[in-house]
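**Student:** One structure coming up, written as structure tokens, with questions to follow.
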Amino acid sequence: ESVRAQVCEMSSPGDQGVCFVGTREAVVQAGRVVRRVHGRDVLVLHHQGALYALDLHCYHSGGPLQEGDIEEFGGRLCIVCPWHKYKITLAEGEGLYQAVNPLVKPLRPVWCSKGVKQRVHQVTEVNGDIFIRLDDSAGAVESDHYQTEEYRLIVGEA
Ligand code: FES
């Protein structure tokens with residue numbers, strides 16, 4: 001299955017934020033699926049038996065997260081943006097960074113959180129079919145910026 005954004009056409013009219021992604025089998029086989037859900041580009045991933053959904057464009061500068069590697073940092077599973085290697089936790093969308101606490105000896109860098117930077121969405125499975133529900137919680141998340149028409153015009157996307 002292509003990782004290019006495929007427009008979601010199967011939302012029920014009464015539930016604007018829900019999108020059918022595919023059968024579990026198809027999603028597991030693809031590993032990564034991109035969908036445009038009501039104007040929002042979302043990446044759905046299958047990794048080690050779990051499913052995750054998050055905004056497709058990296059909160060830092062709009063990098064293509066569908067091409068990022070998945071690695072663990074400080075015991076947390078992250079997608080690493082291919083552009084500038086920012087680490088984003090898959091489950092929460094937190095941006096991680098390394099810091100050294102000068103008061104703790106021996107000095108050693110540890111992974112810390114900048115808070116939620118990438119909007120994550122809910123994935124559900126119903127009878128072998130996978131759906132995503134867009135997160136509509138109030139308050140801006142930095143990745144929202146790269147989901148705007150303004151940004152799409154800048155990158156020249158139709
Ligand atoms: Fe993702 Fe810069 S755009 S790290």
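The values are calculated or read from the model by the stated rules, or taken from the named source; none is laboratory data. Just so it is clear, the model here is predicted, and its values are computed rather than measured. Here the Cβ is made from the backbone with ideal geometry for all residues, glycine too, and neighbour counts use every protein chain on show. Please note that ligands, DNA and RNA were not included when accessible areas were found on the heavy atoms of the full protein model with its side chains. Shrake-Rupley method; radii C 1.70, N 1.55, O 1.52, S 1.80 Å.
**Student:** Against the condition of a type outside the set (Phe, Trp, Tyr) and open to solvent by 10 Å² or more (accessible area, probe 1.4 Å), how does Gly39 come out, does it pass?
**Tutor:** Against the criterion (of a type outside the set (Phe, Trp, Tyr) and open to solvent by 10 Å² or more (accessible area, probe 1.4 Å)), Gly39 qualifies.
**Student:** Okay, moving on. Restricting segment 78-107 to residues that are away from the ligand (no atom under 13 Å from the Cβ) and outside any loop (DSSP other than H, G, I, E, B), which is most open to solvent (accessible area, probe 1.4 Å)?
**Tutor:** Across segment 78-107, the extreme among qualifying residues is Gln98.
**Student:** Which residues, taken from segment 68-77, are more than 21 Å from Tyr146 (Cα to Cα) and either within 16 Å of the ligand (Cβ to nearest atom) or in contact with a Lys or Arg (Cβ under 6 Å, 6 or more places away or on another chain) (or both)? Break it down into steps so the answer makes sense when it comes.
**Tutor:** Going residue by residue through segment 68-77, those that are more than 21 Å from Tyr146 (Cα to Cα) are 70-77.
Hits for segment 68-77 are Ile70, Glu71, Phe73.
**Student:** List pairs: first residue in segment 44-60 and closer than 20 Å to Asp144 by Cβ, second residue part of a strand (DSSP E or B) and polar (S, T, N, Q) anywhere in the structure, Cβ distance under 8 angstrom, at least six positions apart or on different chains.
**Tutor:** Listed pairs, sorted by first residue: Ala53/Gln122.
**Student:** When you go through Leu65, Leu56 one by one, which is the residue that is touching a Cys at 6+ places or on another chain (Cβ under 8 Å), within 15 Å of the ligand (Cβ to nearest atom) and closer than 15 Å to His121 by Cα?
**Tutor:** Step by step, each of Leu65, Leu56 is checked, and only Leu65 is touching a Cys at 6+ places or on another chain (Cβ under 8 Å), within 15 Å of the ligand (Cβ to nearest atom) and closer than 15 Å to His121 by Cα.
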